[in-house]
Amino acid sequence: MKRKVLVDLFYLNTALTGIKTYMVEFCQAVLENEEKEIQYIFTHDFQKQANKSTFRGNVAYWKKLYYHLYYFFWKQVLLPFRVWKEKPDVLICFDFLAPVIPLPTKKLVVVHDAFFWQMPQNYNAIWRKYFLKMFFWGIKGNTTLITTSNYSKNSLQRIAGITNPINVIYQCPKLLPETPETNVIATHDLHRQSFFLHVGSFDRRKLLPVLVQAFGIFDQKYPGKLKLVLAGEKGLSTNLDDYQKVVDKIKELNLEGKVIMTGFLSDESVKTLYKNALAYVFPSSNEGFGIPIIEAMCNGLPVILSDQEALVEVAGGAGLITGMGDFQDLAMAMETVYIRPEFCIQMIEKGYLRKNEFTRKAFYNEFRKHL
């Protein structure tokens, strides 16, 4: 008899960036791997759920409140009912939370990072207190935790006081479309290998003002030679968003026209930027994994990164490491990439080898071991 695995995909209707990629790539992997021993049951159509926009972005307060109540009702009432109805051997929850009510099934709960414990100031205190209570109640019983890196595992064990087994499974990046979208190049007057690239939100932990400061030093030494492209949206929280600081820093350093802020881009446009950049720069102060590192390696880019532990772990010796928050060090690394093409070739070759450890197949096979 096949083992039944129920996959909770409710959160996919609001999931952003890394968690969304995690969920979608798992579902795609299930479709690609025909199973004789496992029957997967998705709670929702993952493609439709991922494309919903009702509760995403800048929505009214009443919508946010409604969604939180709806989410609670799903986790604590409707999902347990589905478990009772389907009688699965395993329930997978990708979004930290599992039902509080005791269930006659094994639970796999994915905890993507330790941000709730490491950066409590980033969250509403009342909401965080509720969330963590739900988290700890939900992992009682026969529950195994999955996380994205050894750094995250160590952080969770050290800071959160979790006693459940925690297993590390490296996720895979989203497979960006091969069809180019050249408008993004023409619109911003870019050329092949004429810019440094960063893809992601303007969340404060990304340290994008530091990146702009470093680029300013580079541009003083090599005026007009390269641009810096920041592709992404504002941070999710207005209190923790550095978008305006980046704008102010650009003006302060007279980098208008040299630092490009594209806003949200399609996957085709992001792919085009990866294919045309000189190097990818990732100065973040805290990450649970760091998907853009692998995306950059897949597209033949050398990667400059901070010495944040998760990023160093994911790069696996295939990136140029700089001191976290040190814009002088970051500027020197950008100069190294610009003036030493032979060094870039070596980095790219290492990256091609490293990326092979983060395929969709490898991701699925590791996950399957815990079902």
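Summarise the long-distance tail of P(r) for the chain by giving the % of C-alpha pairs beyond 28 Å.
On the way: 31874 of 68635 pairs.
Everything past 28 Å amounts to 46 percent.
If I compute solvent accessible area with a 1.4 Å probe over the protein chains, what percent of it on the chain is carbon and sulfur? Mind dumping the intermediate values first?
On the way: 9380 of 17390 Å².
Solvent-exposed carbon and sulfur of the chain make up 54 percent of the total.
Under a 1.4 Å probe, what is the accessible area of the chain per residue, stated in Å²? Before the final figure, lay out the partial values.
Working: 17390 Å² over 371 residues.
That works out to 47 Å² per residue.
From the Cα gyration tensor of the stretch 179-247, with a ≥ b ≥ c the square roots of its eigenvalues, which class applies: rounded if a/c is under 1.5, or else prolate if a/b is larger than b/c, or else oblate? Present the calculation step by step, with values, prior to reporting the outcome.
Numbers: a/c = 2.81, a/b = 1.27, b/c = 2.21.
Since a/c reaches 1.5 but b/c is at least a/b, the shape of the stretch 179-247 is classed as oblate.
Near residue 81, within a Cβ-to-Cβ distance under 13 Å, what is the net charge of the other residues, with Lys and Arg +1 and Asp and Glu -1? Mind showing how you got there, number by number?
On the way: positive: 75, 82, 85, 87; negative: 8, 86.
Here the charged neighbours net out to +2.
Please report, in cubic angstrom per residue, the volume enclosed by the convex hull of the alpha-carbon atoms of the stretch 260-330.
Details: hull volume 7.2 nm³, N = 71.
Per-residue hull volume (Cα only) is 102 Å³.
In whole Å, what is the distance between the alpha-carbon centres of the stretch 240-281 and the stretch 321-371?
Distance between centres, Cα-based: 20 Å.
Relative contact order for the stretch 49-149 using alpha-carbon pairs under 8 Å, separation at least 6, rounded to a whole percent? Don't skip to the answer; put the middle values down first.
On the way: 98 pairs, mean separation 25.9, N = 101.
Relative CO of the stretch 49-149 lands at 26 percent.
By a straight-distance test (C-alpha under 16 Å), which lysines pair with residue 225 as possible cross-link partners, with residues fewer than eight away in the same chain excluded?
Straight-line reach from residue 225, under 16 Å: 258.
Binning at 5 angstrom from zero up to the longest distance, how are the C-alpha pair distances of the stretch 1-51 distributed in percent?
5, 21, 30, 23, 13, 7, 2, 0
So what is the 222 nm mean residue ellipticity for the chain from helices alone, if each DSSP H run of at least 4 adds -39500 (n - 2.57) and you divide by all residues, rounding to the nearest 500 deg cm²/dmol?
Values: 16 runs with 158 residues, N = 371.
Computed ellipticity for the chain at 222 nm equals -12500 deg cm²/dmol.
Could you grab the relative contact order for the chain? Cα pairs under 8 Å, six or more apart, rounded to a whole percent.
Working: 638 pairs, mean separation 56.1, N = 371.
Once normalised by length, the contact order is 15 percent.
The values are calculated or read from the model by the stated rules, or taken from the named source; none is laboratory data. Being a predicted model, the structure only gives us computed values, none of them experimental. Cβ sites come from the backbone with ideal geometry, for glycine too, and all protein chains shown count toward neighbours. Side chains are part of the model used for accessible areas, which takes the heavy atoms of the whole protein and leaves out ligands, DNA and RNA. Shrake-Rupley method; radii C 1.70, N 1.55, O 1.52, S 1.80 Å.
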